[in-house]
Amino acid sequence: MPFLADANVPFPSQPAHTSMTIGVIVPLLSGFYLGEITSSLRLIAQQKGVNLVLIRTGGFDDYQLPLAFDHLDGLLTILDSASPALLECAIERGIKVMSLGESYPTLEVETIRSDQQQGVEAVFDHLVRQGHQKIGFCGNLSVEDIQVRFKAYQSRFEHWQMPYQAHWFFSISESTLPGGRDAGRQFIARNSECTAIICATDYNAVGFIEQLKTVNIAVPAQLAVASIDNTLLGARFEPALTTINQQLENLVERALDRLIERIKGAPYSSGDIVMPQQLIVRDSCGAPESKKCASANLSYVRQQLLDDLAHRPEEIHESFFNLAQHGFHSLLNLPSVYNTSLKWAFFALNYRDYDQDKLYVTQACAMGEEEQRCKDITQHAFLPSQYPPAELYNYHLPDAFLITLIPIPQESNGLCGVVAVVDDLYSDSSASGYSMFNNYLDMLSLFIERDALIESVKLREEKSQNMATKIRHLAYYDTLTGIPNRIMMKEQLDRHIQQRPRVPHAAMLMDLDRFKFVNDTYGHDVGDALLQHVSAALRRVIRRNDKLARLGGDEFLFFCDVSTNEAALMLANRILQEVETPFVFNGLELATQGSIGIAFYPHDGATADDLIKKADIAMYRAKRDSSVSAMLYDCSMDSDVQLQATLEQLLRQAIENEDLSVHFQPQYNPYTGKLYGVESLARWYSPALGHISPTTFIAVAEESGLIYKLGELMTRKSVREHVRWSAMYPDEILKLSINVSPGQLVRPHFADDYIAAILEEGGNPNHIIIEITETAAITDLEHCVAILNKFIDVGFEIALDDFGTGYSSLSLLKQLPLKYVKIDRSFIMDIDTDQSSKDIVRSIVMMCHSFGYCTLAEGVETPAQIELVKELGCNLIQGYVYSRPLPAEELERLLRSEYHRH
């Protein structure tokens, strides 16, 4: 039965105690999910009258240590905290094994899990009954549970016979607050028509709502929001979240009940035990008061854990830090600090070079009269399966006990030692106090990891000091590059503002150009090495009074002792020049470049956040301006931001009204002089702003999420004209090339929807070429190939556009299912004057022909270039030497002339 947080419900009386002992392998002892599980385990073990041994595996990638196995009757593993090999070892010893959340189909391990599908169905149905039909979903689909939730969400549309739109899904990469904010930005950018959103986690929901508040979208007045997990944060948030409760207490109680049945002789059952989830209706969905859940529905453990939020987080972490500096013996201070109980604790070392199969008890601490007897057994050796040792069980354990074991890892997943903390199972520790105690144990394990081998007081004090320094270093320095991080830089900015408010300094924000493509193309090991290379270069160039930090990703921030624009630009260019030092890694050489935005204190911003924001605006202006790499902020850039917003709004209207037009540039066979095909190109004339460059409005479409609608509109218009010309000249074959952007390719069901649109317009796939860029291919090569093969199966041909401008590689050409490769105009423009360009084009043509690809030279402008391109073996030509891009009616006149001439 659930434990209710009601003052009138008495604490469960102590049952007749058994000699049964159950081990629980858990990744961590604390956190909203695992913390509630460990607190529930303690309370339910009290009710069931069984001993409990918690084994925390946090620092191990593949935990295989059979700690305490000699003493266990049953074993419960939480999530994937135990390796299959360890569970197989337990079964061979006769220990009954149960898993919460993870399946082990080849082992006799029964699994209990929460019904993710039923939970999503409950919240979806609730929103439908509230009158919603356009229901969105945001989540990180790389998480297995969230994949299940998303599929349940999609299938519910079919159940209710409602239409589903793919753009109602907001894909994010994190299940945390930043992930929710990202989903919120997508929602705003798309101007989504959804009236309700299901967030995959409470943390996503909180971040999502916070982002909506920045544009005055009110929840639930303008948008209903529901989520999953029922965290403490969601319960305390404003508005309180409507959510799905996984009922962890009931889940844990059912798992223990079944494990006890197995221990008593019940046979193994292969079917999963699936526990229902519970809908908790609160404020965020806009339901009437009569539909909302009363606070009395909270479990006993959940209500007790809410007390933790009464403590200020900074006070908690300060007390953790101060206590943990004293290492293992600081455990004796915890009962008075957190109102918890503790009998005694041991630390046992694993001397790997001497006897790696044994644990040697080297440190002990105990409360009151227990202390002397604990000292008596130190320096004794035991097998891991015997630990804590049998004589402790015989003489020193309470009649009913709760033991927490914390294995401390060494490098290469080895074992350094094990902390054992023993308590009376029926101690009067509150659930919140016990939760705080587990939080502390999680942190203490980090300190003991570096303090484990110290036995003398002097060495222990020195090691503790080193650990404190290390923790400070981790807090203030970037672990990859070793340079200061965002936290330290912000403190340095704040210190300057407070102590030297009249002294100007320049904040410079730099990021690396196309760094994401390096990561995606060559792997994160190359990307990490590049960041280390750049950091070393930056250390060399900055002066003694300048500050440097890595903000994250490929962004670096400088706070420089300069007071004039000229000095700032000179320093910025020196930095950029140093960054361009060639980078060589495992035989690979890459050229690196960066862009810098500069904002001055106090002229451009009076706070650290303002300065960084203004430098960020200037940096992105520099990235868009190909003529400069460093740019000073000025207030006119704010209007540029407003212009971008205006462009987005006007583009959205133009797409809806189909005000954009299509031009067509002819492509010729230079050997026969015959017209081969045309490439369709989007054009936009705005009555308010005039002619807008395709480079500008396509970038706006990509950033705002309009690219799919823009692409569909241009495709339909192009195909309509192509169908009309094919009917006019049925004996001629005119190829139509259509550009597809990276933003379109990554869209779910893109290929199916795109093919359907072309067929709907009457298009013939056998006469249509799909053009992609290297960027689109590199972003997700495996996905890209799968999408392109769908087009090929129907009859389309594939072209790689602008070849040679990105991170081109032989591997890319081999893996893509291409028919055409278009050589970028940058190699053609000076082919008749620059021998290196001519050699490059020759190499590209030969390489493509060896793969059986047809080559097309872009940007051919003179008859001399035509002859050179023919000499080099290019199959097709496109450029102003033949024709500029033409409106449909002008191209129709050209077709008439060409086809009558031939």
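What follows draws every value from the coordinates through simple rules; no lab data is involved. Bear in mind that the values here come from a model prediction, so they are computed numbers and not experimental data. A quick note on method: Cβ atoms are made from the backbone with ideal geometry, for glycine too, and the neighbour counts reach across all protein chains shown.
Figure the gain on full extension for residue 410 and residue 862 (residue separation times 0.36 nm, minus the Cα-Cα span) and round it to one decimal in nm.
Here the segment from residue 410 to residue 862 would lengthen by 155.9 nm.
Taking R0 as 56 Å, what FRET efficiency do you get between residue 233 and residue 850 from their Cβ-Cβ distance, rounded to the nearest 0.05?
Taking R0 as 56 Å, the efficiency between residue 233 and residue 850 is 0.45.
Obtain the nm distance between the two label points defined at residue 642 and residue 532 by a simple spin-label model: each point lies 7 Å from its Cα along the Cα-to-C-beta direction.
4.8 nm
How far apart, in nm, are the 7 Å Cα→Cβ label points at residue 819 and residue 159?
4.5 nm
Need the full-extension length gain, residue 215 to residue 240, defined as separation in residues times 0.36 nm minus the C-alpha distance. One decimal, nm.
Roughly 7.0 nm would be gained on extension.
Anything over 31 Å Cα to Cα? Flag those among 709/838; 96/358; 48/151; 151/790; 814/870; 516/814, in the order listed.
Listed pairs above 31 Å: 709/838; 48/151.
Using per-residue counts of other Cβ atoms within 10 Å, averaged over each peptide, order 529-539, 858-868, 197-207 from highest down.
By packing density, highest mean first, the sequence is 197-207, 529-539, 858-868.
What does the helix-only formula give at 222 nm for the chain: each DSSP H stretch with n ≥ 4 adding -39500 (n - 2.57), the total divided by the residues, and the result rounded to the nearest 500 deg cm²/dmol?
That calculation yields -13500 deg cm²/dmol at 222 nm.
Taking R0 as 60 Å, what FRET efficiency do you get between residue 566 and residue 79 from their Cβ-Cβ distance, rounded to the nearest 0.05?
Working from the Cβ atoms, E equals 0.55.
In the chain, what % of DSSP beta bridges are antiparallel (nearest 5)?
Of all bridge pairs located within the chain, approximately 50 percent are antiparallel.
Compute the distance in nm between two label points, each set 7 Å from the Cα along the Cα-to-Cβ direction, one at residue 261 and one at residue 173.
4.5 nm
Taking only C-alpha pairs under 8 Å that are 6+ residues apart, what is the relative contact order of region 486-634 in percent?
30 percent
Test of understanding: extend the Cα→C-beta vector of residue 709 to 7 Å, then name every residue of region 651-678 with backbone N under 16 Å from that spot.
Within reach of a label on residue 709: 651-661.
Check residue 247: other-chain or 5+ apart residues with amide H under 5 Å from its amide H, H built from backbone geometry?
278
If you take Cα Rg over 2.2 N^0.38 Å from the coordinates, which of (i) 1.91; (ii) 1.13; (iii) 0.91 do you get?
(ii)
Assuming R0 = 51 Å, can you tell me the calculated FRET efficiency for the pair residue 766 and residue 290, based on Cβ-Cβ distance, to the nearest 0.05?
E(calc), rounded to 0.05, equals 0.25.
In which sequence would 365, 285, 635, 874 go, from the one with the fewest C-beta neighbours within 10 Å to the one with the most?
Ordered from fewest to most neighbouring Cβ atoms within 10 Å, 365, 285, 635, 874 come out as 635, 365, 874, 285.
How much length, in nm to one decimal, is gained on full extension between residue 397 and residue 880, taken as 0.36 nm per residue of separation minus their Cα-Cα distance?
164.9 nm
Among 614-624, 642-652, how do they line up from the highest to the lowest mean number of other beta-carbon atoms within 10 Å?
Answer by packing, highest mean first, reads 614-624, 642-652.
May I ask you to sort 91, 823, 146 by Cβ crowding, counting other Cβ atoms within 10 Å and putting the fewest first?
Ascending number of Cβ neighbours within 10 Å: 91, 146, 823.
What number do you get for region 486-634 when its Cα radius of gyration is normalised by 2.2 N^0.38 Å, N = residues?
Relative to the rule-of-thumb radius for its length, region 486-634 sits at 1.03.
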